[in-house]
Amino acid sequence: MRLSMYKLLLYAIVFLFDQTAAESISSLTSMHSLAESISSLTRAAVTYGGGALWAFQHKIKCNLFECCDKPYVNPRFDKLHSDLHKLVYGQHLVLDTVEKAIRAHWTNERPKKPLAMSFHGYTGSGKNYVAEIIANNTFK
């Protein structure tokens, strides 16, 4: 569908510029008709430029700002569950709490607060490791 929309837009641009080129060549004798030709070219450029901005608005927005929707955020709860149980040893609180909190937050359509987790423990207990597992199974 997207390809056909671009083909249609391309055909419209070619038709408009062919038509305006023929009009501007035949009407170069008077200043008034030259101004009308420039006006129609400007109108066409603004119209199709606005259409192009509208068509690519999501891509432009995601390049300038942070996007929190697919494909950038893709929570895979089954893989998160299996990775936590397969890769984390001796941290039963992590296995019980983290997955439930993440699943509850991501399945809520309009959460009132952002999800914040704080992992505490001695050096080498796996705090960053668990955070890495969560990030790998949540974001692109």
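The values are calculated or read from the model by the stated rules, or taken from the named source; none is laboratory data. Quick caveat: nothing in here was measured; it's all calculated off a predicted structure. FYI the Cβ positions are ideal-geometry reconstructions off the backbone, even for glycines, and counts take in every protein chain you see.
Any residue in the stretch 133-140 that is surrounded by 11 or more Cβ atoms within 10 Å (Cβ to Cβ), under 23 Å from Cys62 (Cα atoms) and without any contact (Cβ under 8 Å) to a residue 40 or more places away in the chain? Among the residues of the stretch 133-140, not one is surrounded by 11 or more Cβ atoms within 10 Å (Cβ to Cβ), under 23 Å from Cys62 (Cα atoms) and without any contact (Cβ under 8 Å) to a residue 40 or more places away in the chain, which makes the answer no. Checking every residue in the stretch 25-40 against the condition of being modelled with pLDDT of 85 or more, assigned to a loop (DSSP other than H, G, I, E, B) and among the β-branched types (Val, Ile, Thr) gives zero matches.
Residues of the stretch 92-111 that are more than 17 Å from Val73 (Cα to Cα), among the hydrophobic types (A, V, I, L, M, F, W, C) and without any contact (Cβ under 8 Å) to a residue 24 or more places away in the chain: Leu93, Leu95. Please go through the stretch 51-104 and give me each residue that is of a type in the set (D, E, K, R) and modelled with pLDDT of 85 or more, ordered by number. Passing the criteria: Asp78, Lys79, Asp83, Lys86, Glu99, Lys100, Arg103.
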